Each structure stands twice: as structure tokens, then as C-alpha cells.
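Right, one structure below, let's go through it.
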Amino acid sequence: MDFKNLVEFLKALNTNNSKEWMDANRKWYKEVRDDFIGWLDHMNLSLAEIDAEYFDTPGKKGINRINNNLMFHPNKPVYKDHFGAGLDKRPLTGDFYIEIGIERCIMAGGFWRPDAATLKSIRDAIDYDGENLKKIVEKRSFKNTFGGLYEDVKLVKAPKGYSNDHKYIDFLRNKTFAVAHEFATDEVFRGDFEKKIINVYKEMLPFRRYLNKAVTVV
């Protein structure tokens, strides 16, 4: 994967963020996109080797659109400043997200502001077995990798059906259950980048499995 070419393309796109520029540079975009998809195919196989429960996700299935959704975010640029993709995308579960951007890169996973039914399932699991989640997120290596749960919108009070003095109220007030590891873009040019991805994936796995079990139990 020629990550330098990918980053150079994103920098040029960010400077000339318009459909006209994209149309004029469509060949360059397709070259970078195809290269990224090929790399995702490689990572798809690599992650499957270390995770027996991994859900096969070819690059074309995992890659996200580079266009911003202007219907819901009309003030955003036409195009994103990164390439993003989800791997291990089993239906109705949280995937493993990779983002390669101009100034930063992210590896993340979990559930970002899930729908009401999914959120209820996660909270029910915490109410029943919050101690396991606590052990996962308080593990030293987990904290060193992610810091803790991703900071997002939280309820001021306990959600309906739970008391404010619930043992796991700090978890229950969350609307997002996700973690993220951020690193500088120049790290993707190093020889140990793939190893870094695999290490983060492994560290995140117990957290994602806990959530996925919560939303798939019937």
C-alpha cells in the first residue's frame, strides 16, 4: 500500500475540495481507492488469522464513501479529509473502524450513538453483568491503548428504569459505547504499522465481544 500517495491525494483534495477538482483527478482517486481496497483485503485476511470469530469483510464491503452527507451536514466540505473503512462487519454488531487522514489516523470500535433498542440491550447487559465490562476497561493495557470509553454525550441522570445510585451508573449514562486509539499520520509509513493495527485490534476485542453479545442475545 502506497500510503504516501494516499496522503498526498488527500492533501490535494483538501486544498481543492470540489466536484470539479475530483472530476479532473478521477484517475488519481481511483488509483488510490483501489490501492486502499487491496490493503483492506490484506488486513481482512490478517485479522481473520488471529480471530476465530472474525466476520469476513472484503475491502469493497468495508470501505466508506469519501463523500460527506451534505443532506444532514450541509456546512461540511463536499469530500472527507480521510479514507475510512469498517472491518469485521458482522450484521447488527459493532465493527472495527480504521481511518487514515491528513493529520491523524484512528482505530476505533463499538457503538456510536446506537438506536434505542440497541442502547437498551447494552444497558441491560451492564445491569446484569457490569463487572465484566469494568474489568475490561480498567485493565492497564486497555487504558494505555484507549484511555477509557470514548467521551461523548451522556445523560445527566440515570436512564429510565435505573436508579442514580446504581453500581454501574457511570456506564449506564453513556449514549455511546466505543473506544478509539489515535496516532499521527506519519506512523502509517513505518514498517510496524500493520503490527500496530493487530495489537490494537486484539486489545479492543474483549470490549467489542462484550457489546456484540449484549446486542445479539435474544
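Some points to look at:
- Taken together, Val137, Val153 contain a single residue that is of a type in the set (Val, Ile, Thr) and loosely packed, with under 15 Cβ neighbours inside 10 Å, which is Val153.
- Taking the conditions (1) outside any helix (DSSP H, G or I); (2) at pLDDT 95 or above in turn, Leu45 satisfies each one other than (1).
- Verdict on Gly148 being under 20 Å from Glu203 (Cα atoms), in contact with a Lys or Arg (Cβ under 8 Å, 6 or more places away or on another chain) and either among the hydroxyl-bearing types (Ser, Thr, Tyr) or open to solvent by less than 60 Å² (accessible area, probe 1.4 Å) (or both): no
- Filter result for Met43 (open to solvent by less than 50 Å² (accessible area, probe 1.4 Å), in contact with a Leu (Cβ under 8 Å, 6 or more places away or on another chain) and either among the polar types (S, T, N, Q) or within 23 Å of Glu182 (Cα to Cα) (or both)): yes
- Count of residues meeting criterion [over 18 Å from Arg90 (Cα atoms), touching a Phe, Trp or Tyr at 6+ places or on another chain (Cβ under 8 Å) and open to solvent by less than 40 Å² (accessible area, probe 1.4 Å)] in the stretch 194-218: 1
- Pairs are defined by a Cβ separation below 8 Å, a sequence spacing of at least 6 or placement on different chains, a first member in the stretch 94-114 that is touching a residue at least 24 places away in the same chain (Cβ under 8 Å) and of a type outside the set (D, E, K, R), and a second member that is assigned to a loop (DSSP other than H, G, I, E, B) and surrounded by 19 or more Cβ atoms within 10 Å (Cβ to Cβ); the pairs so defined are Phe96/Asp88; Gly109/Gly94; Gly109/Asp95; Gly110/Gly94; Phe111/Gly94.
- Residue among Ile126, Ile102 that is open to solvent by less than 30 Å² (accessible area, probe 1.4 Å) and hydrophobic (A, V, I, L, M, F, W, C): Ile126
- Qualifying residue in the stretch 84-92 (condition: open to solvent by less than 70 Å² (accessible area, probe 1.4 Å) and in a loop (DSSP other than H, G, I, E, B)): yes
- Taken together, Asp23, Asp115 contain a single residue that is among the acidic types (Asp, Glu), at pLDDT 95 or above, farther than 19 Å from Met204 by Cβ and surrounded by fewer than 18 Cβ atoms within 10 Å (Cβ to Cβ), which is Asp23.
- Of all residue pairs spaced 6 or more apart or on separate chains, none has beta-carbon atoms under 6 Å together with a first member in the stretch 183-200 that is at positive phi and a second member that is open to solvent by 10 Å² or more (accessible area, probe 1.4 Å).
- For the stretch 46-80, the set of residues classified as open to solvent by 70 Å² or more (accessible area, probe 1.4 Å), among the basic types (Lys, Arg) and within 21 Å of Asn17 (Cβ to Cβ) consists of Arg65, Lys76, listed by residue number.
The values are calculated or read from the model by the stated rules, or taken from the named source; none is laboratory data. Since the structure is predicted, the reported quantities are computational estimates derived from the model, not experimental observations. Here the Cβ is made from the backbone with ideal geometry for all residues, glycine too, and neighbour counts use every protein chain on show. Please note that ligands, DNA and RNA were not included when accessible areas were found on the heavy atoms of the full protein model with its side chains. Shrake-Rupley method; radii C 1.70, N 1.55, O 1.52, S 1.80 Å.
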